[in-house]
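The values are calculated or read from the model by the stated rules, or taken from the named source; none is laboratory data. Quick caveat: nothing in here was measured; it's all calculated off a predicted structure. Heads up, the Cβs are rebuilt from the backbone with ideal geometry, glycines too, and the neighbour counts pull from every protein chain shown.
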Amino acid sequence: MNRLKSLALILISSFLSFSVLAQETPKDFLPKAGDFGASIVVNGLINNVSLSTNSNSYGQNILFAKYYLKDDLALRAGLGLKLNRILRETADSSGALLEEVDSLRRSFSANLSIGIEKHLTANKRLDPFVFGQLDISMIGKSRNEIDNRQISSIGTATTEREIIRDGGFALGLNLGGGFNYFLAKNFSVGSELYLGFQYVSLGGGVTDNTTNTTAGGTRSSTFDSRDDISKTTVLNVDPTAQINFSYFF
C-alpha cells in the first residue's frame with residue numbers, strides 16, 4: 001500500500017511539474033523590449049575550442065551587441081578597429097661584411113556595422129529570426145619602412161626605403177537568418193547563415209622613396225610615384241554557420 005501511495009505521489013508531482021512547464025511563455029526566457037546583450041563566437045572542435053568576436057564581411061573583428069527595440073525587433077550594431085605594426089629585424093654576415101635589415105609595416109582600418117533583426121514566432125526557448133546588416137569599413141594608408149645597412153671595415157653603407165600606399169573602403173550588405181536557443185533566462189546559444197554582397201575599393205597613389213648613403217658619406221635619392229587601384233565585387237553565401245553565445249541584460 002505504501003508503495004502504491006509513493007507511486008501515486010510521484011505521478012502527481014510529475015504531472016504538476018509538466019503543467020507548470022507547459023504554461024511557460026516565450027517571455028520566461030527570451031529578451032524583451034529595452035534589453036541589451038552581447039555575443040561571442042565559438043570556433044574549433046572539442047580539443048581546439050577558441051572564442052572570438054563577430055566578424056563583418058570584410059573580415060574585421062568587431063565588438064557586437066544587440067538592443068531590443070520591441071519584444072520581436074532588435075537593433076544590431078558593431079564597432080571594430082584594427083591596428084597593425086609588424087617589425088622584423090635580420091642580420092647576415094658574409095666574410096668581413098655584415099648586412100642588417102630592419103623592416104616595419106604599419107596599417108589600420110576601422111569598421112561600423114549596423115542592422116535590424118526581426119524575430120519570428122518563438123516557442124519557450126527556440127527563437128528564430130531574419131536580419132539585414134550594413135557593414136562600412138574604412139581602410140587607412142599602409143606604410144612600409146625598410147632600412148638596410150652593410151657594415152664593413154671601410155664603414156657603413158645604408159639604404160633607406162619608404163613605401164606608402166593609399167587605403168580605401170569596403171561596403172557590405174548581408175541578408176540572412178538564424179536562431180537562438182535559450183539555455184536559461186536571457187542566455188542563449190545560436191547560429192546564423194547569410195547571403196552577402198561586398199564591394200571593396202582599395203588603393204590609389206603609391207609613393208616609393210629611396211635614399212642611399214655610401215660608406216664614404218655620399219647620398220643619393222630616387223622618388224617614384226604611381227597609381228595602383230583595385231576594385232572588387234563579391235556575392236556569396238557564408239559557407240559556415242557560426243555558433244555564438246549571447247547574454248542579455
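Listed by position, the strands (runs of 3 or more DSSP E) enclosed by the stretch 1-73 that each have at least 2 residues that are touching a Ser or Thr at 6+ places or on another chain (Cβ under 7 Å) and modelled with pLDDT of 60 or more are 36-43, 61-70.
Among the residues of the stretch 135-159, just one is of a type outside the set (Gly, Ala, Ser), at pLDDT 90 or above and not in a strand (DSSP E or B), namely LYS141.
Does GLY80 count as buried (at least 17 other Cβ atoms within 10 Å of the Cβ) and farther than 23 Å from GLY205 by Cβ? Yes, satisfied. Condition test on SER93, is it modelled with pLDDT under 90 and either more than 16 Å from the chain's Cα centre (by Cα) or within 30 Å of ILE154 (Cβ to Cβ) (or both)? Against the criterion (modelled with pLDDT under 90 and either more than 16 Å from the chain's Cα centre (by Cα) or within 30 Å of ILE154 (Cβ to Cβ) (or both)), SER93 qualifies. For beta carbons closer than 8 Å, sequence separation of 6+ or different chains, a first residue in the stretch 157-178 that is among the acidic types (Asp, Glu) and a second that is not in a strand (DSSP E or B), the qualifying pairs are ASP166/LYS141.
Take the stretch 172-189 and flag every residue that is under 17 Å from the mean Cα position of the chain (by Cα) and not aliphatic (A, V, I, L, M).
Restricting attention to the stretch 172-189, the residues satisfying the condition of being under 17 Å from the mean Cα position of the chain (by Cα) are 172-174.
Within the stretch 172-189, GLY172, ASN174 qualify.
Residues in the stretch 137-160 that are among the β-branched types (Val, Ile, Thr), surrounded by 16 or more Cβ atoms within 10 Å (Cβ to Cβ) and closer than 12 Å to THR211 by Cβ: 2 in all.
Say we look at the stretch 166-220 and pick out the residues that are acidic (Asp, Glu) and in a strand (DSSP E or B); which of these is nearest to GLY155 (Cα to Cα)? Per the criteria, the residue is ASP208.
Would you point out the residue of the stretch 163-194, among those that are among the charged types (D, E, K, R) and farther than 14 Å from VAL42 by Cβ, that is modelled with the lowest pLDDT? So that I can check it myself, show each step before the final result.
Keep residues of the stretch 163-194 that are among the charged types (D, E, K, R), which gives 165-166, 185, 192.
After this cut, where a residue has to be farther than 14 Å from VAL42 by Cβ as well, the list is 165-166, 185.
On the way: ARG165: 94, ASP166: 94, LYS185: 84.
Only one residue tops the list, namely LYS185.
The residues on offer are TYR194, TYR181, and the sole one that is crowded, with 17+ Cβ neighbours inside 10 Å and either on the phi < 0 side of the Ramachandran plot or touching a residue at least 24 places away in the same chain (Cβ under 8 Å) (or both) is TYR194.
Which residue out of GLY80, GLY115, GLY132 is in contact with a Phe, Trp or Tyr (Cβ under 8 Å, 6 or more places away or on another chain), assigned to a strand (DSSP E or B) and either modelled with pLDDT of 95 or more or closer than 30 Å to GLY37 by Cβ (or both)?
GLY115
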